[in-house]
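What follows is a single structure, written as structure tokens, with notes after it.
The values are calculated or read from the model by the stated rules, or taken from the named source; none is laboratory data. Please read all numbers here as calculations on a predicted model, not as lab measurements. Cβ placement follows ideal geometry from the backbone for every residue including glycine, while neighbour counts extend to all protein chains displayed. Heads up: the accessible areas ignore ligands, DNA and RNA and are worked out on the full protein's heavy atoms, side chains in. Shrake-Rupley method; radii C 1.70, N 1.55, O 1.52, S 1.80 Å.
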Amino acid sequence: MARRSQHALLLLSAVLASLVAGSTAGVYHIVGAGKGWRMPPNRTYYDDWARSRQISIGDKLMFLYRSGVHNIVEVPTRALFDVCSMRNITSRYQNGPTIIELGEAGPRYYFCGVGEHCEVGQKLAINVLLVAPPQLDTTNAGAAAPACLFRHAAGLAAACSLVSVLLLLMVV
Ligand code: CU
């Protein structure tokens, strides 16, 4: 398939997915913000990103990447995550972009299973909170772009996804 049509498909699927997913409550978190899901500039990039936000039940992680270039695997323990071990994968996603809805509180561990991408830092550990802190909306309001923190606003979320995907395409 031509590169241009792959990009169009990526764009279309991201927007459609966000429209569908946007019908329920929850905050969209564009993993890695403007960089999307890729080999990061440093090993702590996704750690830093995760530390900068509060992620709660019902929220969605949006991983922006091109199919075949990166993927996402989920492992159940910190120990497996730390050593990038794929011996006990609980979920695998390979058709980017991927939206994962977080239905349970507690830690979640994701990394890219392609090549040595995990070893160089393409890995994300988060802790899903039981409920959103009451001050979340006002606290994060100033940092909305390009992090895309919209509650109960499917249209806005879709527009935000569109912008994010366009940003991603410009750098891919
Ligand atoms: Cu990768």
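Meeting the requirement of 2 or more residues that are under 17 Å from V114 (Cβ atoms), the strands (runs of 3 or more DSSP E) wholly within segment 17-103 are 72-75, 91-93. Scanning segment 78-103 for residues that are open to solvent by 60 Å² or more (accessible area, probe 1.4 Å) and of a type in the set (V, I, T) yields V83, T90.
Is it the case that segment 88-100 has a residue that's away from the ligand (no atom under 16 Å from the Cβ) and in contact with a Pro (Cβ under 9 Å, 6 or more places away or on another chain)? Yes - at least one qualifying residue is present in segment 88-100.
Pick from segment 116-125 the residues that are open to solvent by 20 Å² or more (accessible area, probe 1.4 Å) and near the ligand (Cβ under 10 Å from one of its atoms): which of them is farthest from R92 (Cα to Cα)? Once the filter is applied, the top-ranked residue is V120.
The number of residues in segment 53-71 that are away from the ligand (no atom under 16 Å from the Cβ) and either free of Cβ contacts under 8 Å to residues at least 24 places away in the same chain or out of contact with any helix residue (DSSP H, G or I) (no Cβ under 9 Å at 6 or more places or on another chain) (or both) comes to 4.
If you go through segment 21-64 and pick out every residue that is charged (D, E, K, R) and closer than 12 Å to L124 by Cα, you end up with 5.
Going by the structure shown, is V128 away from the ligand (no atom under 16 Å from the Cβ), among the β-branched types (V, I, T) and more than 14 Å from the chain's Cα centre (by Cα)? No.
Take the residues in segment 104-115 that are assigned to a loop (DSSP other than H, G, I, E, B) and near the ligand (Cβ under 9 Å from one of its atoms), then tell me which one is most open to solvent (accessible area, probe 1.4 Å). Only one residue fits best here, namely G115.
Regarding segment 28-35, can at least one residue be identified that is open to solvent by 30 Å² or more (accessible area, probe 1.4 Å) and within 16 Å of the ligand (Cβ to nearest atom)? So far as segment 28-35 goes, yes, one or more of its residues are open to solvent by 30 Å² or more (accessible area, probe 1.4 Å) and within 16 Å of the ligand (Cβ to nearest atom).
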